[in-house]
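Have a look at the structure below, then the notes.
The values are calculated or read from the model by the stated rules, or taken from the named source; none is laboratory data. Predicted model, so just to flag it, every value in this text is computed and none were measured. Cβ placement follows ideal geometry from the backbone for every residue including glycine, while neighbour counts extend to all protein chains displayed.
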Amino acid sequence: MTAAHRRVAVLLVAVWAAASVGVAWRALRGLDRSARSHEALALARTLRGTTPVPAWPAGLTSGDSMAVRTEETPLVVRGRSGELITAPVKDADDWDIVGAVGVAARWRERAAAVALPLAAAFALGAMLLVAVPTVAGSGAAALAAGAAAILGSAALTTGVRLRAAAEALAPAGGDAASLDRLALREPSLALATLALVLLAACAAVAIGAVRWHADTAGRPVRVRETLGAWGFIAPSLVHLAVFTIAPVAFLLWISVHDWDLLASDRPFVGLAHFRELGADPLFWRALRNGLVYALYVPVTMVAALAAALLLDQPLRGIKVLRVVVFLPYVASTVAVALVWQWLLHRDFGLLNAALAAMHLPRVDWLGNPATALPALMLVSAWGQLGYMMVVYLAGLQAIPASLLEAARLDGADAWQRFRLVLWPMLRPVSTYLLLTGIIWSFHGFTLVYVMTEGGPAHATDVLVYRIYQTAWEFRRFDVAAAMSVVLCLLLLALTALQWRTVKGEPADA
Amino acid sequence: MAALSLSRLVKHFAGGVIGVDDVTLTVGDGAFTALVGPSGCGKTTILRCVAGLEEPTSGEVRIGGRDVTWLPPRDRDVAMVFQNYALYPHLTVAENIGFPLKVRKTAPVEAARRVRQAAELLEIGALLDRKPAQLSGGQRQRAALARALVREPALFLFDEPLSNLDAQVRAQTRAELVALHRRLGATMLYVTHDQVEAMTMAQSVAVMAGGRVLQEGPPMALYREPASLAVARFIGSPSINTVAGRTTGTRFEGALACDARVGACTAAVLAVRPEHLVLGPAIDASRASVVLVEPLGPESLVRLRLRSGEDLVARVPGEASCRMGDEVGVRVAPGAGLCFRAGDGARLA
């Protein structure tokens with residue numbers, strides 16, 4: 001280790017020590033402000049409608065300067081024996097302040113709450129110091145662990161104290177169960193976990209940075225290149241984080257909470273929404289419809305391959321024909337849906353006119369539960385054919401002509417050339433089309449939305465449409481989120497399958 | 001095995017491009033003939049017409065006396081080795097070699113025996129379970145060869161099979177192909193743009209240009225007695241030296257001079273092989289300055305510039321006695337000058 005690295009390590013340890021002291025000091029002074037304010041406020045709200053608090057419960061002390069405040073934020077009042085956290089309690093009309101709830105924090109309790117995890121953190125730090133070769137790395141790791149432990153324990157002790165206060169208040173008229181839940185609800189635990197994760201991430205970054213610095217010492221070009229590379233990646237990384245990772249995380253969060261647009265209270269409910277889905281026959285119906293609907297993909301692929309083989313001829317005007325086959329894919333899905341709605345119409349539709357001309361009975365394609373889903377599959381197939389054909393065409397043209405010539409010389413007839421050479425060589429293309437096709441089929445929303453609205457009798461109710469309806473028509477965002485999670489897992493499994501098959505392909509010779 | 005004969009073969013492509021222009025050529029039973037020429041000369045088109053991958057505009061292709069001009073490739077009993085090997089990437093080496101047998105519905109046991117036999121012959125028996133992507137260029141070449149010979153065709157076609165190999169493997173494979181030809185006694189038509197390959201491997205070489213066969217014959221005959229300036233220039237490395245001048249009937253007069261009994265007084269081009277230039281004192285000889293000496297070990301190449309401006313190359317045994325910048329005399333070895341008519345390049349003497 002060079003002197004420079006030793007300096008960096010010492011610096012990091014110093015920062016760690018300072019941070020530890022700071023964290024400990026803040027914990028002693030009431031670091032858990034966020035947990036405190038949240039819980040006390042919620043407690044105050046839940047207690048609306050109670051009769052005035054007759055007296056401070058046991059364990060609370062009132063200081064000289066204590067006063068009831070009208071704003072709905074808790075107030076920290078410093079008394080002789082420590083801090084008192086208070087929040088106003090209002091009446092049922094949210095009009096008058098009828099009392100206050102408070103929690104006392106005592107020096108001795110706090111010191112105990114902080115000392116234990118601090119000691120643990122220092123022990124952990126010492127262990128890491130021995131285990132991890134870079135001093136600075138272990139210092140950062142110990143800092144992370146220690147700070148997380150302090151944060152967690154401080155937050156937890158607040159939760160415990162609030163619970164005690166709630167229990168003491170309960171007989172005065174509040175709903176004991178809800179108070180209990182509030183006090184025990186563990187945003188404090190979540191906070192501790194979050195802090196732990198964040199600090200671990202910080203520690204990892206710190207360790208990585210120090211190691212990287214040690215690796216690249218004396219190689220400024222490498223440093224510049226790496227920083228430059230990260231600089232180039234950064235915009236898309238930020239984009240990914242903001243528009244993909246964050247929404248997904250939010251979705252997951254919603255799916256395990258009672259989430260109402262209007263209510264401010266959104267308690268954690270675990271997997272309740274998923275259990276609700278499991279018991280909902282319409283959910284299973286939508287899932288089954290989606291699976292049936294996805295069958296249009298392999299059927300269209302066969303047609304697309306046939307079209308690609310036909311359009312792979314060096315004929316005059318073949319390009320025009322290719323464009324024509326591709327056109328439906330470019331057309332707006334809504335426009336396509338409207339045109340097909342007309343084509344399939346019971347009374348004015350072209351299809352039924354043709355049937356009538358042949359003296360066959362008219363069919364209400366979109367109005368009959370038996371034909372509605374197949375009709376949608378037909379429209380999807382028509383729309384996707386061009387795209388799949390183009391992909392197959394590209395696949396065909398990527399196969400060297402000499403391979404087919406070799407096969408001709410080797411004695412293979414047209415069918416053998418297709419079966420033994422073309423088809424196996426197109427397999428990666430087919431796998432790609434099949435899996436992406438199925439994934440897209442599960443995303444199919446526009447056709448259902450425009451043509452059938454999931455009807456008749458839920459015959460065309462697919463998962464995405466069901467999610468939309470649940471969220472925006474039934475206002476059950478949490479259940480819709482749970483459904484989205486299920487859909488997401490389904491598609492993730494398919495994608496994993498696709499990756500595996502693509503990776504399994506041999507490289508072209 | 002069978003003889004191949006092309007008679008008056010013509011191939012026009014769309015847009016009026018002439019690929020093959022009236023070619024008549026015979027490859028005897030068990031013979032090894034090379035088609036050689038610059039790219040675009042029509043040699044590959046001939047090969048593809050023989051294979052059945054192209055339909056000729058007119059003319060006739062006969063294999064073993066049978067007219068196959070309009071037969072599909074699979075009915076011609078020919079095998080072809082492609083420049084890029086054309087191995088099926090999704091099949092193992094064994095499956096690749098066995099492919100012709102599989103599509104012809106050969107019994108699996110018999111097919112497996114013949115695949116093994118072909119693989120042993122080409123020393124790739126240990127690679128049978130690999131995919132083409134896992135092979136080196138030389139190994140792919142062998143696998144492609146094994147696939148060609150596994151069904152014992154009447155005729156082998158080679159389309160520049162060595163051009164994707166590096167120099168060392170290429171030289172080695174050249175010798176092995178010749179040995180293989182001797183061993184199988186098969187009829188082979190070999191297309192290449194590399195005259196060294198053609199010269200070293202083939203029993204007979206056909207030099208092509210502009211869709212026509214300029215001259216056909218044993219390699220050394222082409223080298224010694226080229227029928228035209230184009231053939232003289234194409235065969236031999238380094239290229240033959242040329243000097244413009246006139247013939248007087250008995251002599252060629254120009255920047256170089258030599259005896260040339262051509263019986264005609266006309267504008268002509270003298271062509272002299274590098275080994276037929278004699279360097280000596282500048283008395284009674286054309287003067288030239290030495291531009292560069294390239295020692296190759298057993299011989300040296302001396303690059304010269306005549307006073308009149310023409311560049312020449314002389315090949316001298318061992319180490320050259322001259323140095324860069326020297327002034328030397330250049331003479332043509334007696335009887336070694338080749339005279340061609342200026343203009344159409346036809347041979348005078």
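Structural remarks
- Set A:Ala482, A:Ala471: member being assigned to a helix (DSSP H, G or I), in contact with a Leu (Cβ under 6 Å, 6 or more places away or on another chain) and in the same structural domain as A:Leu385 (by TED's automatic domain parsing): A:Ala482
- Within the set A:Thr452, A:Thr431, A:Thr446, the sole residue that is within 14 Å of chain B (Cβ to nearest Cβ), among the hydroxyl-bearing types (Ser, Thr, Tyr) and either crowded, with 21+ Cβ neighbours inside 10 Å or touching a helix residue (DSSP H, G or I) at 6+ places or on another chain (Cβ under 7 Å) (or both) turns out to be A:Thr431.
- Any hit, region B:205-227, residues being among the polar types (S, T, N, Q), touching a residue at least 40 places away in the same chain (Cβ under 8 Å), assigned by TED's automatic domain parsing to the domain that holds B:Arg170 and in a strand (DSSP E or B): no
- Residue within region B:168-190 that is closer than 25 Å to A:Pro424 by Cβ and either in contact (Cβ under 8 Å) with a residue 24 or more places away in the chain or surrounded by fewer than 16 Cβ atoms within 10 Å (Cβ to Cβ) (or both) present: no
- Condition check for A:Arg288: assigned to a helix (DSSP H, G or I), of a type in the set (Lys, Arg) and within 30 Å of A:Gln384 (Cβ to Cβ): yes
- Residue selected from region A:316-349 under the condition small (Gly, Ala, Ser) and part of a helix (DSSP H, G or I), by the criterion surrounded by the most Cβ atoms within 10 Å (Cβ to Cβ): A:Ala337
- From the options B:Val290, B:Val269, B:Val262, residue that is outside any loop (DSSP other than H, G, I, E, B), within 31 Å of the chain's Cα centre (by Cα) and of a type in the set (A, V, I, L, M, F, W, C): B:Val269
- Taken over region B:235-256, the residue count meeting the criterion of being hydrophobic (A, V, I, L, M, F, W, C), assigned to a loop (DSSP other than H, G, I, E, B) and surrounded by fewer than 19 Cβ atoms within 10 Å (Cβ to Cβ) is 1.
- Just one residue in the set A:Leu403, A:Leu409, A:Leu420 is surrounded by 19 or more Cβ atoms within 10 Å (Cβ to Cβ), in contact with a strand residue (DSSP E or B) (Cβ under 6 Å, 6 or more places away or on another chain) and within 14 Å of chain B (Cβ to nearest Cβ); that residue is A:Leu409.
Here is a yes/no grid of residues against (1) of a type in the set (A, V, I, L, M); (2) closer than 23 Å to A:Ala335 by Cβ:
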residue: A:Pro400; (1), (2): no, no
residue: A:Ala406; (1), (2): yes, no
residue: A:Leu434; (1), (2): yes, no
residue: A:Ile439; (1), (2): yes, no
residue: A:Phe445; (1), (2): no, yes
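- Residue among B:Leu279, B:Leu301, B:Leu306 that alone is touching a helix residue (DSSP H, G or I) at 6+ places or on another chain (Cβ under 8 Å), touching a residue at least 40 places away in the same chain (Cβ under 8 Å) and under 18 Å from B:Ala333 (Cα atoms): B:Leu301
- Region B:4-55: number of residues that are away from chain A (no Cβ under 14 Å) and closer than 16 Å to B:Leu157 by Cα: 18
- Among (1) assigned by TED's automatic domain parsing to the domain that holds B:Leu312; (2) over 30 Å from B:Gly42 (Cβ atoms) - the single one B:Arg273 does not satisfy: (2)
- Residue check, A:Ala407 in contact with a helix residue (DSSP H, G or I) (Cβ under 6 Å, 6 or more places away or on another chain), at pLDDT below 90 and at negative phi: no
- Residues of region B:82-133 classified as touching a Phe, Trp or Tyr at 6+ places or on another chain (Cβ under 8 Å) and more than 9 Å from chain A (Cβ to nearest Cβ), total: 2
- Residue within region A:352-364 that is part of a helix (DSSP H, G or I) and buried (at least 20 other Cβ atoms within 10 Å of the Cβ) present: yes
- In this structure, A:Leu310 does satisfy being without any contact (Cβ under 8 Å) to a residue 60 or more places away in the chain, surrounded by 11 or more Cβ atoms within 10 Å (Cβ to Cβ) and not in a loop (DSSP other than H, G, I, E, B).
- Within region B:141-154, the residues that satisfy the criterion of being surrounded by 24 or more Cβ atoms within 10 Å (Cβ to Cβ) and either among the aliphatic types (A, V, I, L, M) or farther than 19 Å from B:Val93 by Cβ (or both) are B:Ala143, B:Ala144, B:Leu145, B:Ala146, B:Ala148, B:Val150.
- Taking region B:56-81 as the range and being within 25 Å of B:Leu177 (Cβ to Cβ), part of a loop (DSSP other than H, G, I, E, B) and within 14 Å of chain A (Cβ to nearest Cβ) as the test, the residues that pass are B:Val68, B:Arg76, B:Asp77.
- Index of the failed condition, A:Gln397 passing every other in (1) assigned to a helix (DSSP H, G or I); (2) more than 14 Å from every other protein chain (Cβ to nearest Cβ); (3) buried (at least 20 other Cβ atoms within 10 Å of the Cβ): (3)
- Only helices (runs of 4 or more DSSP H) whose full extent lies in region A:176-281 are considered here, and the ones with at least 2 residues that are at pLDDT 85 or above and within 30 Å of A:Asp461 (Cα to Cα) are A:246-255, A:272-278.
- Residue in region B:294-303 that is surrounded by 14 or more Cβ atoms within 10 Å (Cβ to Cβ), of a type outside the set (A, V, I, L, M) and at pLDDT below 90 present: no
- Checking each residue in region B:125-179 for being within 20 Å of the chain's Cα centre (by Cα) and not in a helix (DSSP H, G or I) picks out B:Leu155, B:Phe156, B:Leu157, B:Phe158, B:Asp159, B:Glu160, B:Pro161, B:Leu162, B:Ser163, B:Asn164, B:Leu165, B:Asp166.
- Flag for A:Arg346 being in contact with a helix residue (DSSP H, G or I) (Cβ under 6 Å, 6 or more places away or on another chain) and either of a type outside the set (A, V, I, L, M, F, W, C) or within 14 Å of chain B (Cβ to nearest Cβ) (or both): no
- Test result for B:Gly329, touching a residue at least 12 places away in the same chain (Cβ under 8 Å), in contact with a Pro (Cβ under 7 Å, 6 or more places away or on another chain) and surrounded by fewer than 18 Cβ atoms within 10 Å (Cβ to Cβ): yes
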